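Contents: one structure, followed by commentary.
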Amino acid sequence: MMPLLGKGMLLTFTDVSARDERDYNEWYNREHIDDRVNLPGFHRGRRYAAVRGTPRYLAVYECDTVAILGTPNYLQTLDNQTPWSQSVMARFTHFKRLTLRIQVDQTHGVGAALATVRFVPDPRRRKALVDFLSTQVLPKLIARPGVLGAAVGENDLEVMHAPLQDKSMDHPRADESEWVVLIEGADPAAVGAAARSLFTTSRLRPFGVEAAPAIATWRFLFGNQR
């Protein structure tokens, strides 16, 4: 096994208009991922394009702990963006940020594709959910052809709501802690089929999940690490 590079994770879901995509992708690949990976406590950044689901782009950053994402040093970085970053971020048509505390890590390296499964459980069922996912769901998931590993993270609301000075990144306040399962694989079809097979509303309902989980599949674009 090759676990994630830390116990914290930042996910950003973004989109831009078609006319801004070229500049957006150049900025992400040439400046933004490197800037983030070089921050204290960060280790690896990866970005993906949607194959099935919305929005169009996802970025995944692995860091030592989720607490790093709420420290004054990190928040100051968000408030002091480069001119290119300011220009691109002002043109976002969608932006959502999740700060995850990794609860289960059964990853096995980096795949060419990713599936994300997002849902909101009852926080009182947290321990039972972790046990269920780690012992019953993820082992079956990883055994499927084309699936190479998986991890589970819980959005840390306190860190997510840490005050941000950058007015171009408006974060509506969430009152429920969203969970995300990240499934690594060889191709989008394999991870997508695995996610849809094993993450159904009926399987998650005992843990207080009322709405159908949001499942999306992604293809790898670029990454960097140190």
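The values are calculated or read from the model by the stated rules, or taken from the named source; none is laboratory data. Here the structure is a predicted model, which means the values were calculated and not measured. So basically every Cβ, Gly included, is an ideal-geometry build from the backbone, and we count neighbours across all protein chains shown. Surface accessibility is based on the protein's heavy atoms, side chains included, excluding ligands, DNA and RNA. Shrake-Rupley method; radii C 1.70, N 1.55, O 1.52, S 1.80 Å.
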Scan the stretch 31-44 and tell me whether some residue there is under 16 Å from the mean Cα position of the chain (by Cα), at pLDDT 95 or above, among the aromatic types (F, W, Y) and closer than 22 Å to L114 by Cα.
yes
Being closer than 22 Å to R126 by Cα, hydrophobic (A, V, I, L, M, F, W, C) and part of a helix (DSSP H, G or I) is the filter here, so list the residues in the stretch 187-205 that pass it.
A195, L198, L204
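Just for the stretch 103-148: of the residues that are of a type in the set (S, T, N, Q) and open to solvent by less than 50 Å² (accessible area, probe 1.4 Å), which one is farthest from T12 (Cα to Cα)?
It comes out as S134.
Residue by residue through the stretch 47-71, note down the ones that are basic (K, R) and either open to solvent by 10 Å² or more (accessible area, probe 1.4 Å) or modelled with pLDDT under 95 (or both).
R52, R56
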Output for the stretch 31-42, where each listed residue is in a loop (DSSP other than H, G, I, E, B) and either of a type in the set (G, A, S) or surrounded by 22 or more Cβ atoms within 10 Å (Cβ to Cβ) (or both)
G41
Which ones in the stretch 72-102 are open to solvent by 60 Å² or more (accessible area, probe 1.4 Å) and more than 15 Å from Y61 (Cβ to Cβ)?
P72, N73, Q76, D79, N80, P83, W84, Q86, A90, R91, T93, H94
Can you say whether F132 is hydrophobic (A, V, I, L, M, F, W, C) and either within 16 Å of the chain's Cα centre (by Cα) or over 24 Å from T54 (Cβ atoms) (or both), as far as the supplied structure shows?
yes
Among the residues of the stretch 92-147, how many are in contact with an Asp or Glu (Cβ under 7 Å, 6 or more places away or on another chain), among the β-branched types (V, I, T) and either without any contact (Cβ under 8 Å) to a residue 24 or more places away in the chain or closer than 20 Å to G192 by Cβ (or both)?
2
State all residues of the stretch 1-30 that are modelled with pLDDT under 95 and either closer than 28 Å to E158 by Cβ or in contact with a Pro (Cβ under 8 Å, 6 or more places away or on another chain) (or both); if no residue qualifies, say none.
P3
Could you list, in sequence order, all residues of the stretch 43-88 that are within 22 Å of Q103 (Cβ to Cβ), out of contact with any Leu (no Cβ under 6 Å at 6 or more places or on another chain), part of a helix (DSSP H, G or I) and touching a residue at least 60 places away in the same chain (Cβ under 8 Å)?
V66, A67, I68, G70
